[in-house]
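Report on the following structure.
The values are calculated or read from the model by the stated rules, or taken from the named source; none is laboratory data. The model shown is predicted, which means the values in this text are computed figures rather than measured ones. Cβ placement follows ideal geometry from the backbone for every residue including glycine, while neighbour counts extend to all protein chains displayed.
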Amino acid sequence: MASEFQVVTAPYVNVTISTSSQSGGFLERRFDKGITVAELKAKLELLTAGKSDSMKLEIYNKEDKLVCILQPNTAVLGSFPVDDGMRLHVIDKFELRHEIEDTSKVEKFSLSEEEYAKRQDTLKAYLEKNKLGKYNEEEMKAIEEQKKKDEAEERAAGEAIIAGSRCEVRVIGQPTRRGTVMYSGTVEFKSGWWIGVKYDEPLGKNNGTVQGKTYFVCPPKYGGFVKPINVFVGDFPEELDELDEM
């Protein structure tokens, strides 16, 4: 019987970024789910040349359907149904940026960190005054405690998955794969707890070695590393490689 584990939410999310004035390709960025919408808008100011106080943020899924609107500014990103691969769309007034064709003629405005800290009309000053985001000690403490709890739950789930067990790997948006658990533990190439699997068919990405370190041994393209939440242990018969049937 397959083991049952509590769902563990990753602390970061990878999204593509588009804007209402965009004509080229999308940007790809990784954001901490613990930041507030206000902090996210501040980061997007640098990426899109929009204004945090006027921009509107929408989330679209992989089928390009609107999932939600990120509001209010005090909400944390992780409170919305945002998953890896979704699109973060920035709506704002970008007319000024397009009216200026030769930016070399524009006088650049810059502030030192000390000068910026003294200003009272910045997003940083607003967040500090209203104790929002990282300036809210209680909120940040709660986020940190939740992060530690998530990490502990992920570790417990990983430790329950024993090397040598038959398993199915189920990842949203990908076909179900069967294989054998070869490794359970931390890795050097990413944070958190990971399960190394030798697949029954060449549907993996490696041979058990990543960035020069060997975690287990299997033929090329038969190995892969997945999160414990995606691994279901059970009495799954081995799937024959189509090449073995010829």
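Side notes on the structure shown:
- The one condition from (1) modelled with pLDDT of 90 or more; (2) small (G, A, S); (3) buried (at least 17 other Cβ atoms within 10 Å of the Cβ) that A163 does not meet is (3).
- Qualifying position, being of a type outside the set (S, T, N, Q) and under 30 Å from N73 (Cα atoms), among K141, K213: K141
- Qualifying residue in segment 199-212 (condition: in contact (Cβ under 8 Å) with a residue 12 or more places away in the chain, in a loop (DSSP other than H, G, I, E, B), under 16 Å from A160 (Cβ atoms) and touching a Pro at 6+ places or on another chain (Cβ under 9 Å)): no
- Residue satisfying all of: in segment 208-218; surrounded by 13 or more Cβ atoms within 10 Å (Cβ to Cβ) and more than 25 Å from the chain's Cα centre (by Cα); nearest to G179 (Cα to Cα) among these: C218
- Test: residue in segment 166-181 that is surrounded by 17 or more Cβ atoms within 10 Å (Cβ to Cβ) and at pLDDT below 75: no
- For the residues K65, K56, K105, the requirement of being at pLDDT 80 or above, of a type in the set (K, R) and out of contact with any strand residue (DSSP E or B) (no Cβ under 7 Å at 6 or more places or on another chain) singles out K65.
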